[in-house]
1. Looking for whichever is of a type in the set (Asp, Glu), assigned by TED's automatic domain parsing to the domain that holds VAL217, in a loop (DSSP other than H, G, I, E, B) and surrounded by 20 or more Cβ atoms within 10 Å (Cβ to Cβ) here; the options are ASP311, ASP325. Which one fits?
2. Output yes when any residue across segment 93-112 is in contact with a His (Cβ under 9 Å, 6 or more places away or on another chain) and more than 30 Å from GLU206 (Cβ to Cβ), and no when none is.
3. Within the group THR121, THR114, which residue is more than 30 Å from LEU303 (Cα to Cα), modelled with pLDDT of 85 or more and not assigned by TED's automatic domain parsing to the domain that holds LYS236?
4. Before we move on, is LYS428 basic (Lys, Arg), surrounded by 15 or more Cβ atoms within 10 Å (Cβ to Cβ) and touching a helix residue (DSSP H, G or I) at 6+ places or on another chain (Cβ under 9 Å)?
5. Quickly run through segment 267-300 and pick out the residues that are among the basic types (Lys, Arg) and either closer than 26 Å to THR175 by Cβ or surrounded by fewer than 15 Cβ atoms within 10 Å (Cβ to Cβ) (or both).
6. Would it be correct to say that ILE255 is surrounded by 17 or more Cβ atoms within 10 Å (Cβ to Cβ), modelled with pLDDT of 95 or more, under 22 Å from GLU210 (Cβ atoms) and in the same structural domain as GLU172 (by TED's automatic domain parsing)?
7. I'm checking my understanding of the structure. Among residues of segment 57-86 that are surrounded by fewer than 17 Cβ atoms within 10 Å (Cβ to Cβ) and small (Gly, Ala, Ser), which one is nearest to the chain's Cα centre (by Cα)?
8. Would you mind stating whether THR69 is among the polar types (S, T, N, Q), within 22 Å of GLU224 (Cβ to Cβ) and in contact with a helix residue (DSSP H, G or I) (Cβ under 8 Å, 6 or more places away or on another chain)?
Amino acid sequence: MEDQNTSAHDRKLSEKRAEKQKKANEDSPLEKREMVMHGAKLKCPYAQAPGALKVTSNEINLQDKIFATEGDGNNMVNLQFKGTCGHPKWPARKMSPPPCMSVIKLSPWQNLGTSIIQEQTTLVKESFITCDPEFNTAVAKPIPKVESIKSEIQNDETPKIIDAYFVKWISEKGTPVEKEEEVYNKKLGKKVSVKKKVETTKISTERITERGLSYQVALVVDTEGLSGKKIKVKIKSGKNKVLTDVDAEVNLIDIKEVEKVTDASKYAGVKAKSEFEIEVDNFANDPTIENSSQFKNKAVLKLMLNQRADDLSFNLAKLIAASPDKEASVYIEVTSDEPKIEYLGNQGSSSLKNTFLNELGKYFKIKYLEQPWVIKAREEQELGVSESTHCSKIIDEYHAINRQNKPKACANTDNSSWCASFVGWCLKNSGYSAQLDPGAYTYGEEKTRYRAGFKKNPTDKKGLEKEEFDDPVWGKLIAGNQPLVGSICVLLNKHHVSIAVGKSSDGKTIYYLGGNQGNKVCVGTFGQRTSSIYPTEYTKKSEDDELPIYYTKNEKLSY
């Protein structure tokens, strides 16, 4: 009994000593209210190491240190953590832990001090901020606009490449602004200032993880301390060899190079590049962009995910279509000639700090979105089918799929059109329904065409006295006759049928891939669209609503 009492006494004594030691190590109430300064250490239970607080909210110093305030709550600027996020949600989702800086999502600071510095409440040692990591950019409590606020990085701090990613770039008309210009006044014989209205564009961006081949994207690089400096960017092949060898450069088209072209016949000469040089703040300093301030400290590169400006790069499309995942994964490499750059890129490998989107689950995906019947048409385009070189193919294959109308010559010899036969051949040979007694205009009808004289069943000896459209239903008309990707469109006052594949940069011209276009299979422009239709087996996808942009000469072809 004595031993038990002694043991209980020792345990209580040990607990009291531990409690006393804990209290000795804790901050006193006064210490908890100590003010926080620039460079203060930050602790997160899921971070691999302490982070540092970067103050950008004001410029009030005490012994060369800037006071921290509630305004220092920007997730990508003020809370500087290195390494990956150790939150248990990532393993639960079977995902590799992402870099801390890419997933921080913050609430406003809590338990603030009582002092006010440049209109903002100071932080104290017991202040805390809540983080709920997710794959989206958080918007913390806005920093109040103070005339003397510091927007540039401190001179003693290292310039940073924070992040690089792809966005969908959406332009709309902005509010015109007045701009003063000096012009020569003949009456007065001197230059005078006049006010002119300048049109502006409003830009919105949507961060994306995949995009279709031949579509446009913008690549955005977030930086600090590099305003006006140039960086270099490469797009590299990801985890699997699809477009090129793994980790090799992927050549793509810089839209800025396309926009330099003034002669439309030279669009085809624009070459894809493997390396791009961009100036930080290139869009932030553009006076024609209404919301240019949102691009501060960003380098923006607008790209075509393509190696041709004037049409689809079908060689790339075939590589994507033949890959196991039906996609090509790519990532971004960023470099700068500036000294002492800190890269907050791939945290998994010390040799790849200047790379982004090349961790498991982060690669950007390029997909080929055209439908199977369009792929068939592309193959014939690549083959170079024309009346002068493939007349027998037009007769023996394209016309042969028709139920009754099977001309025995090419159009250049007997004026026998083959645009409808070509569309039907592409549909049938890719497993979809087609008009089996076609003429161009019949592709504007949802039901199947029966020509005059056709016997609908073996007992009908008379046949039809006139043509009619009857079951089965072969297609579904698109509301408003909109030219969606791969839609089959009746054109030229119902005299031609072709497949919509692209549009001009202003959206006013549609490009169609079809047969009997200038006596061959090619992409061309035609007027007077009267209908647009999909085969009945096809279910429209949201991606079909957006046609890719082609830069090509608007030359209307004959049929």
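1. ASP311
2. no
3. The conditions single out THR121.
4. yes
5. Matches in segment 267-300: LYS271, LYS296, LYS298.
6. Criteria met by ILE255.
7. GLY83
8. No.
The values are calculated or read from the model by the stated rules, or taken from the named source; none is laboratory data. Remember, it's a predicted structure, so these values are computed and weren't measured experimentally. Ideal geometry is used to build each Cβ from the backbone, glycine not excepted, and the neighbour counts take in all protein chains shown.
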